[in-house]
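For reference, the structure is listed below as structure tokens.
Coordinate-derived values only; no laboratory data. Predicted model, so just to flag it, every value in this text is computed and none were measured. Note that we place each Cβ from the backbone using ideal geometry, even for glycine, and neighbour counts take in every protein chain shown.
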Amino acid sequence: MKIIVLVKEVPDTYGDRKLNLETGLADREASEIVIDEIGERALELALTYADANAGTEVAILSLAPEGATATIRKGLAMGAGSATHVCDEALRGADLGLTAETLAAALRRVEFDLVITGNVSTDGSGGMIPAMLAELLDVPLATGLSSVEISDGAVSGTRPVESGVQKVSANLPAVISITEALPGPRFPNFKGIMAAKKKPLEMLTLADLGITADNPDAARSIMLTVAEKPPRAAGVKIIDEGDAGEKLAAFLIENRLA
Amino acid sequence: MTEFPRDAILVVVETGPSGELEKAAPGLLGAAAAVGTPIALVLASPGTGSAAAEEAAALGAARVLIAETSDPSALGVPSVDALAAAAEQVQPDAILISHSLNGRDVAGRYAARSRAAISADAIGVSRDDEGVVAHHSIYGGAYNVTSTSTFGAPVITVRQGSIEARATAQPPASETLAVTPSEKPAARIDSFEEAVAATSRPELRGAAKVVAGGRGLGSEEQFALVGQLADTLGAAVGASRAAVDAGYIPQSQQVGQTGVSVSSQLYIALGISGAIQHRAGMQTAKTIVAVNKDSDAPIFEIADFGVVGDVFKVVPQLISALEARKK
Ligand SMILES: Cc1cc2nc3c(=O)[nH]c(=O)nc-3n(C[C@H](O)[C@H](O)[C@H](O)COP(=O)(O)OP(=O)(O)OC[C@H]3O[C@@H](n4cnc5c(N)ncnc54)[C@H](O)[C@@H]3O)c2cc1C
């Protein structure tokens with residue numbers, strides 16, 4: 001079984017995240033850069049399966065700017081066997097279409113059984129890459145799984161939707177995405193961190209994948225305007241002296257909110 | 001068959017387990033009507049299409065294409081095939097789809113198939129000389145961004161509950177859409193358990209008032225206090241991720257970065273510290289109220305009215321004061 005886990009570098013949600021007002025792109029200097037937490041959960045799912053099933057190969061695939069090596073190494077230290085880092089200046093500001101095409105091309109180079117991704121990233125919030133990959137790779141898709149069962153030739157899980165909960169299954173190869181209901185990641189231990197330094201980390205460019213960023217046949221999403229909203233200011237703060245509930249009621253009534 | 005209008009906006013709506021249109025339908029059609037002529041594609045289970053089509057017309061669809069899937073247990077692929085057929089016929093200026101899990105699957109697959117550009121998680125649409133433009137609220141409302149497609153109709157997924165506009169009802173005009181199956185491999189839906197609508201409370205998405213509780217409520221039993229205040233105010237119930245993780249309330253009620261984003265008139269945060277990821281889902285609310293016993297809790301930085309105090313003392317008193325006024 002070969003499992004490929006997609007991980008993405010994002011600005012840390014624990015800090016202030018900034019957009020460059022000229023380019024509309026994430027200002028990478030302004031924030032700490034981390035692996036998206038949901039990608040770590042996806043990797044944890046793959047590693048848990050690998051722990052219990054000898055002969056499972058877990059590989060990381062990441063499309064990220066130069067310098068992402070540190071976050072990818074963290075995934076290797078957690079226990080993934082190898083990693084592929086797609087990195088190309090022409091991918092700066094890539095939209096969903098170009099991102100999906102590029103990732104699909106990288107996935108076509110390997111014989112995978114299962115691709116696991118997070119359901120949505122914390123920076124783009126598109127949540128559509130898994131669907132796009134399934135379409136481009138011609139494999140079944142099961143998104144938003146809150147529990148996952150991997151077996152030899154199939155994957156199944158629970159899929160909460162608006163109106164209830166589905167139980168879904170698919171034959172492998174397949175693409176799945178998971179929700180944050182799945183367990184958080186293990187911490188890399190010292191042995192893992194040392195071992196990670198020797199694990200294969202392949203770097204690929206768009207040329208290696210035969211992709212052109214400005215393919216005239218593909219429509220691209222472009223940003224037209226970017227504006228920063230003024231931060232919110234604090235209002236009044238009272239300390240409860242036994243009557244705060246009544247004061248709060250008065251505030252709500254006065255503002256026609258109750 | 002008559003031609004479709006030149007300013008057609010194709011709106012994709014799916015039906016729920018009882019054949020009713022998804023909750024996002026009124027907003028999607030409302031948004032479409034403001035930038036063109038809404039044409040609905042109704043993705044229905046067998047036998048429910050015509051009723052759903054009438055519902056769509058009442059919500060403003062000038063014409064409705066009905067696609068009843070022949071394979072209801074195939075996950076997603078029949079919907080994508082239907083959208084491909086509908087887009088081919090209608091030649092719309094934009095395609096609007098809910099940013100729900102199913103909506104994102106359909107949008108992503110369709111865009112990959114047709115090489116269309118996606119504008120994800122829009123909170124509004126407008127039109128300029130070149131075409132339809134999507135409006136987004138990024139990084140928890142810190143930035144406003146607009147986007148569009150370099151050419152062709154953009155596929156725009158619309159955040160649930162973000163559109164207030166409603167379209168005028170149209171006379172019903174529907175037709176069955178002929179769909180050629182793509183035979184793409186699909187996952188199977190093996191079973192489905194419908195959520196019991198146990199509550200008469202408002203939907204969290206798009207609610208005018210929200211009362212949310214955090215880890216500070218301490219237990220599932222004590223979390224009931226959040227519901228009591230919500231009912232007194234006619235508000236929806238929300239929660240922090242810590243409250244969801246602790247099992248006080250289902251994940252569907254989570255507000256924040258990886259939960260629901262709300263822009264309500266009133267947001268009351270009870271026993272919530274105000275972590276940046278929680279704020280990302282509620283800081284665009286008009287009026288924010290916080291009750292927290294830690295005067296340094298970051299939620300106070302954005303609260304219009306903050307109470308440093310114990311929720312178990314302040315909230316019951318608040319409820320009685322509000323109830324007393326009602327009498
Ligand atoms: C990638 C990522 C995504 C995330 N997404 C989300 C998200 O979508 N939504 C979200 O909420 N979080 C999210 N988080 C988690 C977030 O970082 C916080 O852990 C979480 O919001 C904390 O929830 P809380 O405020 O309920 O708990 P805590 O931070 O533990 O705060 C509890 C508060 O209750 C107060 N309190 C305790 N007892 C009382 C009492 N009797 N009366 C009054 N006050 C009391 C305490 O003073 C404290 O401030 C995310 C984190 C990551 C890394």
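Inter-chain neighbour count for A:93-99: the average number of beta-carbon atoms from partner chains within 10 Å of each residue's beta-carbon is 4.
The longest part of chain A holding none of the exposed loop trypsin sites (Lys or Arg not before Pro), meaning those outside H, G, I, E and B in DSSP with at most 13 other Cβ atoms within 10 Å, is A:1-91. Amide H contacts under 5 Å for residue B:174: B:64, restricted to partners 5 or more places along the chain or on a different chain, H placed in the peptide plane at 1.01 Å from N. Peptide B:309-320 shows a mean partner chain C-beta count of 4 within 10 Å per residue C-beta.
What's the average, rounded to a whole number, of partner chain beta-carbon atoms within 10 Å of each residue's beta-carbon in A:153-160? Across the residues of A:153-160, the mean count of other-chain Cβ atoms within 10 Å is 3. Within the shell defined by Cβ-Cβ distances under 12 Å, the residues around residue B:63 carry a net charge of -2, with Lys and Arg each +1 and Asp and Glu each -1. Our compactness index for the stretch A:111-162, the C-alpha radius of gyration over the empirical 2.2 N^0.38 Å, is 1.18. Sites count as exposed loop sites when they are GluC sites (Glu not before Pro), lie in a DSSP loop, and have at most 13 other Cβ atoms within 10 angstrom; the longest stretch of chain B without one is B:4-129. Simple point charges give the picture: +1 on the Cβ of Lys and Arg, -1 on the Cβ of Asp and Glu, and for the stretch B:58-153 a dipole about the Cα centre of about 120 debye. For the protein assembly as shown, the dipole from Cβ point charges (+1 on Lys and Arg, -1 on Asp and Glu) about the Cα centre works out to 880 debye, to the nearest 20. For chain A, the tally of Lys pairs with Cα-Cα distances below 18 Å comes to 10, considering only residues 8 or more apart or on different chains.
Near residue A:28, once Lys and Arg are set to +1 and Asp and Glu to -1 for all other residues with Cβ below 12 Å from its Cβ, the sum equals -4. Here the sum of -39500 (n - 2.57) over DSSP H runs of 4 or more residues, divided by the residues of chain A, equals -8000 deg cm²/dmol at 222 nm, to the nearest 500.
For chain A, dividing the convex hull volume of the Cα atoms by the residue count gives 207 Å³ per residue. Each of B:299, B:276 has some number of other Cβ atoms within 10 Å of its Cβ, and from fewest to most they run B:276, B:299. Does the protein assembly as shown come out rounded, prolate or oblate, given a ≥ b ≥ c as the square roots of the eigenvalues of its C-alpha gyration tensor, rounded meaning a/c under 1.5 and, failing that, prolate meaning a/b above b/c? It is oblate, given that a/c is not under 1.5 and a/b is not larger than b/c. The alpha carbons of the stretch A:149-229 occupy a box of 47, 41, 39 Å along the principal axes, longest dimension given first.
Any idea which of B:139, B:153, B:125 is furthest toward the positive side of the dipole for the stretch B:8-176, if Lys and Arg beta-carbons carry +1 and Asp and Glu beta-carbons -1? Value computed over the given set: B:139. When only the Cβ of Lys, Arg, Asp and Glu is charged (+1, +1, -1, -1), the dipole of the stretch B:8-176 relative to its Cα centre reaches about 300 debye. log₁₀ I(q)/I(0) of the stretch B:8-176 at q = 0.16 Å⁻¹, via Debye over equal Cα point scatterers, no solvent, to two decimals? These q points yield log10 I(q)/I(0) values of -0.83.
Near residue B:281: Cβ cut-off under 12 Å, other residues only, Lys/Arg at +1 and Asp/Glu at -1. The net charge is +4. Using alpha carbons only, the radius of gyration of chain B set against its Kirkwood radius gives Rg/Rh = 1.02. Dimensions of the stretch B:209-326 based on its C-alpha atoms, expressed as ranges along the principal axes with the largest first, amount to 38, 28, 26 Å.
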